[in-house]
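Bear in mind that the values in this text are calculations on the coordinates, not laboratory data. None of these values were measured; they are calculated from a predicted model. So basically every Cβ, Gly included, is an ideal-geometry build from the backbone, and we count neighbours across all protein chains shown.
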There are 2 protein chains.
Amino acid sequence: MTITEVATADVLPRTVNGVPVDDLFKTVDAIKATPSIAKFNFRIFNQWHNAAKNRSAVDMFYGAGQEQLRSKPFVLEADEPPVLLGTDAAANPVEHLLHALAACLTTSMVYHAAAQGIQIQKVESSLEGDIDLQGFLDLDKNVRNGFRSIRVNFKIKADVPDEKLQEVCQLGPGHSPVFDSLTNGVPVSVTAERL
Amino acid sequence: MTITEVATADVLPRTVNGVPVDDLFKTVDAIKATPSIAKFNFRIFNQWHNAAKNRSAVDMFYGAGQEQLRSKPFVLEADEPPVLLGTDAAANPVEHLLHALAACLTTSMVYHAAAQGIQIQKVESSLEGDIDLQGFLDLDKNVRNGFRSIRVNFKIKADVPDEKLQEVCQLGPGHSPVFDSLTNGVPVSVTAERL
């Protein structure tokens, strides 16, 4: 059952899993009427400090047909641990990637479960990914630079039968923007100019 | 010129761009002697709070042949802005993904430039990515759930000719684990059990 099919039923409580489902269905109806408002553009601005230390500011984005302001930017840090020649002042870039994936799978699952009226009590997830640094260090051209594989294990508390629990879990990979981006790949252009 | 070729020259100062290059070359030599120490395993543990709010703990990882401890976990938050039915308590998952990409491209460029003895004074990058929510909302099966494209623009301050500046910039996409993961895709398994 998709959000579109449920939206027409209009028999759900106002909030499920903390998600304002009436607003979710209004959003769906608004996009069906004006598909262009579904186009979002997300942005960050990153500044290098030293060695592996750098920092991103996350502020405005475009969506729902207009620039969306925030009261102040979020700041995200990055560093590497000593064994990777950093000072361990923050999580490293691939750990941030795992967080992005966990967060997106979880939110996608929780939103789509809410749209179906499925109440979830608790969600935890453990993620791990394997990287062989021979790729990054140009030591073996047969070794890729990035993750060879990532494993995600969810633990979910919800009053649903076992089979439904598996269906609920799959709402994440079935809808998550980060999961799709990471598993299917995204074209990324990189340009440079002088500062 | 690769790190391996430079390592044999052994004529560089101790630190370039804040990167301890002698240690970098020692790492390269150690991995050439024992390739298995290049295998790393990164992990996070995520807990859902409510609606779009969830939080990851980033702690131990495996690398250089042993478990690597941290004195305390890093905590990474996630939420969605009001227009996406959240409370805007933190950057959202796709913004975290852009941060991971910016951080990794920057660090990869800075490390490999350091290995070549190229001093960099400043690096900034602006990233943007396009998502059409008709995918996430099951409204158009021809629209993907994730980013359609991502654009990265670097501004670099370094005393090198224009052509070399472009080469330096490309050290990022040429080595970055997050860039490779995101552009070429990673197999991700998702399993669930009852909590």
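Listed from fewest to most Cβ neighbours within 10 Å, the set A:Lys155, B:Lys72 follows the order B:Lys72, A:Lys155.
Counts of other chain beta carbons within 10 angstrom of each beta carbon in peptide A:51-64 average 6. Charged side chains reduced to their Cβ positions (Lys and Arg at +1, Asp and Glu at -1) give the protein assembly as shown a dipole of some 260 debye around its Cα centre.
Taking the Cα of A:Gln170, stepping 7 Å toward and past its beta carbon, and measuring to each backbone N in the stretch A:91-119: which are under 19 Å? So the set is A:105-119. Over all pairs of different C-alpha atoms in the stretch A:74-114, the reciprocal of the mean inverse distance, the Kirkwood hydrodynamic radius, equals 11.7 Å.
Here's the list of lysines a cross-link from A:Lys53 could span, going by alpha-carbon distance under 29 Å and ignoring same-chain residues fewer than 8 apart: A:Lys72, A:Lys141, B:Lys26, B:Lys32, B:Lys39, B:Lys53, B:Lys72, B:Lys122, B:Lys155, B:Lys157, B:Lys164. For the protein assembly as shown, rounded, prolate or oblate, judged on the Cα gyration tensor with a ≥ b ≥ c (square roots of eigenvalues), a/c < 1.5 rounded, else prolate if a/b > b/c? In terms of gyration-tensor shape, prolate. If you take the Cα centroid of the stretch A:121-181 and the Cα centroid of the stretch B:19-79, the two points sit 16 Å apart.
Entry for the stretch B:47-195 at q = 0.12, 0.16, 0.20 Å⁻¹: log10 I(q)/I(0) = -0.72, -1.15, -1.37, Debye formula applied to identical alpha-carbon scatterers, no solvent contribution. Among residues of chain A, the one whose beta-carbon sits closest to the A-to-B rotation axis is listed with its distance in Å as A:Gly185, 2.
In the elastic network of chain B, a GNM with C-alpha springs shorter than 10 Å, the most mobile of B:Gly135, B:Gly86, B:Gly65 is B:Gly135.
Legend: mean number of C-beta atoms from other chains within 10 angstrom of residue C-beta atoms, peptide B:18-25, equals 3. The mean number of partner chain beta-carbon atoms within 10 angstrom of a residue's beta-carbon across peptide A:115-126 is 3.
When the Cα positions of A:Cys104, A:Ala91, A:Ala114 are compared along the charge dipole of the protein assembly as shown, A:Ala91 comes out farthest toward the positive end, with charges on each C-beta of Lys, Arg, Asp and Glu. The label-point distance for B:Asn41 and A:Thr87, in a model that sets each label 7 Å from Cα toward Cβ, rounds to 3.1 nm.
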